[in-house]
Every structure is written in C-alpha cells, then in structure tokens.
Amino acid sequence: MMKEENLRMRIKEAAVEHFNRNGYHGTTIRSIAGDVGCSLPMIYYYYKNKKELFDEIVKRDYFQFLSKQELNLESGDVIGGYTKLIHSLNSLSSYDKHLYRLGVKVYLSFDGDAEHIQDMDTYEETVYVSHAARIKPHLVGSADCNLIAHTLMHLLDTLIMEIVVKGKTLPEEQIRGEISLILERYQKRSSMTEQASMAT
C-alpha cells in the first residue's frame with residue numbers, strides 16, 4: 001500500500017495530467033482514481049471535491065513553483081539571470097512541466113473559473129512590479145522602465161509558451177540573445193539620448 005504522502009502526490013500527478021488533457025470540467029474524480037489505482041473514498045479523504053483538488057494544484061502548488069523560480073533569479077547580472085531562469089525550464093520534471101502548462105492555461109483563461117482568473121491577474125501585477133524593480137538599476141535612465149518591463153514580460157511569456165506548452169527545447173544562446181535585444185537596445189538608446197542632451 002502506498003504511503004500517505006506518496007498517495008497524495010500521485011493523486012495530484014494524475015489530476016494534473018487529466019486537467020491538462022480534458023480541462024477542469026471534463027475531468028472527473030472517478031477518472032483520476034482509476035489512474036491512481038485507488039478508491040473514490042480514498043481521494044475524498046484528502047479532497048472534499050474536485051474544486052478543492054484543483055485549487056491546491058493551481059492556487060498553491062503552481063504559485064509556490066513560480067515563487068521558487070523567481071528566487072533563483074540572480075540580482076547582479078540581469079540578462080544572465082533571466083536567461084538562466086528560462087533555460088532551466090528545458091529540464092523541468094514531468095510533473096513540474098505539466099503543472100506549469102496547467103497554470104499557463106488558467107493564466108490565459110482557457111481553464112478554471114473567475115476566481116482562478118482573478119488570482120492570476122493579481123499575480124501578474126505583482127510580477128510586473130517585481131520585474132520593473134529588478135531591471136531598473138540596470139537601465140541607463142528610467143523614463144521607459146515600465147514599457148521595458150512590460151516588453152520583457154511579453155518576451156518571457158512567449159519563451160515559456162515555446163518550452164512548456166509547445167514542448168520545444170530552446171538553446172541558451174537564443175534565450176540570451178532575445179533577452180539582450182530588449183535590454184541592451186534600451187540601454188544604447190538611453191545612452192545616446194543622454195549624450196545628446198549633455199551636448200546641447
């Protein structure tokens with residue numbers, strides 16, 4: 001018989017696969033129990049209903065995963081830090097990749113309910129503030145910091161979609177090149193603007 005913590009994790013692993021494949025509304029507790037090889041009462045021992053299971057996966061596990069990823073960002077080399085963050089997604093475990101994929105679907109409003117979508121919107125705002133604060137010291141001038149932060153977020157979302165949703169493997173050089181294009185281009189433009197202002 002599976003240990004309690006192993007059974008709970010196996011339930012979530014099976015649930016993430018089903019939610020990804022069939023969506024929240026197309027997934028049943030019975031189908032999850034069938035994959036796990038346990039009884040329905042055993043799943044209801046841990047989760048009173050499907051929503052509670054989905055909530056734990058999306059509102060707890062997914063956000064904890066994102067927070068852990070963000071903690072890995074290096075504060076010194078901003079381009080290197082973001083490159084390392086995105087490149088690390090190539091080697092996610094099967095569960096983490098499925099978890100990330102499910103979170104992206106909810107983030108894009110393809111799954112979940114209004115409560116989950118609101119949580120995603122709130123999280124997006126906090127992430128934007130975090131990105132802006134992280135890159136601001138590395139920019140020459142700060143007039144366009146908000147615009148650059150939004151542009152960077154869109155690029156990161158695109159790279160994440162390529163790796164996590166489409167299953168592609170992106171080389172580190174490509175990731176670094178695309179991130180550098182945004183940040184270095186801004187720095188050069190700011191430098192030239194400031195030099196022109198000083199000359200007049």
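None of the figures in this text is laboratory data; all of them are computed from the coordinates on show. Quick caveat: nothing in here was measured; it's all calculated off a predicted structure. Cβ coordinates were reconstructed from backbone atoms using ideal geometry, including for glycine residues, and neighbour counts include every protein chain displayed.
Data table
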| quantity | calculated |
| --- | --- |
| Value at 222 nm in deg cm²/dmol, rounded to 500, when DSSP H runs of n ≥ 4 in the chain each add -39,500 (n - 2.57) | -23000 deg cm²/dmol |
| Reported label for calculated Cα extents along the principal axes in Å given (i) 48, 37, 31; (ii) 95, 44, 30; (iii) 77, 32, 25 | (iii) |
| Helix 4-26 vs. the chain, principal-axis angle (Cα, 0 to 90°, nearest 10) | 70 degrees |
| Selection of trypsin sites (Lys or Arg not before Pro), segment 28-108, meeting DSSP coil and at most 16 other Cβ within 10 Å | LYS48 |
| Subset of LYS48/LYS168; LYS59/LYS97; LYS51/LYS105 violating a 26 Å alpha-carbon distance limit | LYS48/LYS168 |
| Options ILE179, LEU155, MET42, ranked by Cα towards positive dipole end of the chain, top entry (Cβ charges) | MET42 |
| Per-residue HN-Hα couplings for segment 121-130 [Karplus 6.51, -1.76, 1.60; θ = phi - 60°; Hz; x = Gly/Pro] | 4, 5, 5, 4, 5, 5, 5, 4, 4, 5 |
